[in-house]
Amino acid sequence: MGFSLHSHRCMETLNSSNPKIYIWAALASAHQCHPLPQTLSVLKSTPQVRGMHTIIRNKETSRDEFIFYSKRLMRLLIEHALSFLPFQSCTVQTPQGQDYEGRTYSGKQITGVSILRAGETMEPALRAVCKDVRIGTILIQTNCNTGEPELHYLRLPKDISEDHVILMDCTVSTGAAAMMAVRVLLDHDVPEDKIFLLSLLMAEMGVHSVAYAFPRVKIITTAVDKKVNDLFRIIPGIGNFGDRYFGTDAPPDWSDEEDALST
């Protein structure tokens, strides 16, 4: 598999457009009273899904159980997301010599792109259901002086512009990291309507921000919480996903953007 690593100059060009991200977020905040966008799809809250959310949201849940039920939710989320891919009719012959009218994926290829670090925890679930899927990674961190997100690392498969791209991050609060990642994909000629943003949990603010900035991106999650507090933590939320999953300690001022926008 071939990969392309883009130059520091490319990263600086992307970073220079960051003020637009904050403008979009500010404008999106004015839409908080509006209905959630039609580009959003939330996994049906069945008793099973609600039960798994109860376990991973519970602060008393052990790390082993947190990982186990998070993985189950990731698998359900990705299976749900794949139903939005384009399919076309096809006919196959069964072992009994009979024709079966079915459906087959009509795109070229599927590529997963994880926003480090929490997004990479979704890669095994994607690999489990998408044979030969290609994987890329993006690392976005906060500039300590400006407080704005910056692209620090980028590794994408070649010819990604022809693929449907599954962009993965476990939590989205303000949407700043997700919007920058989408911008990176667009700058690599991925059509906006071929980008699917997947997250286990999103805040309404993040949903509106992404949808306002990129109205053709499909947003898919297992749940949407209404609030983000002054520290950009989703309320009621899930805690610091990366630290709960990897068993590390969160700093006192962590936010739900920490895995992509760490200081």
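Greater than 22 Å separation of Cα atoms is the criterion. Which listed pairs, 59/226; 71/131; 71/227, meet it?
From the list (59/226; 71/131; 71/227), the Cα-Cα distance tops 22 Å for 71/227.
Starting from the Cα of residue 129, move 7 Å in the Cα-to-Cβ direction to define the label point; list residues of the stretch 173-210 whose amide nitrogen is under 14 Å from there.
Answer for this model: 196-200.
Quote the relative contact order of the stretch 111-177 in percent (integer), defining contacts as alpha-carbon pairs under 8 Å separated by 6+ residues. Could the numbers behind the result be given before it?
Values: 103 pairs, mean separation 27.9, N = 67.
It comes to 42 percent, rounded to a whole number.
What are the trypsin sites (Lys or Arg not before Pro) within the stretch 184-235 that DSSP puts in a loop, where the Cβ has at most 14 other Cβ atoms within 10 Å? Before the final figure, lay out the partial values.
On the way: sites: 194, 216, 218, 226, 227, 233; in loops: 216, 226, 233.
Of the trypsin sites (Lys or Arg not before Pro), the ones in loops of the stretch 184-235 whose Cβ has at most 14 other Cβ atoms within 10 Å are 216, 226.
Given the stretch 37-170, what percent of its DSSP beta bridges are antiparallel, to the nearest 5?
For the stretch 37-170, the DSSP antiparallel bridge percentage is about 55.
Using r as the Cβ-Cβ distance of residue 248 and residue 99, and R0 as 45 Å, what FRET efficiency do you calculate, to the nearest 0.05?
Efficiency for this residue pair is about 0.25.
Enumerate by residue number the trypsin sites (Lys or Arg not before Pro) in the stretch 58-150 meeting two conditions: DSSP loop (anything except H, G, I, E, B), and at most 12 other Cβ atoms within 10 Å of the site's Cβ.
Filter output for the stretch 58-150: 59, 108, 131.
Taken together, the values in this text are just the output of simple stated rules run on the coordinates, not laboratory data. Small disclaimer: the values here were computed from a predicted structure and weren't measured. Virtual Cβ from ideal backbone geometry, glycine too; neighbours counted across all protein chains shown.
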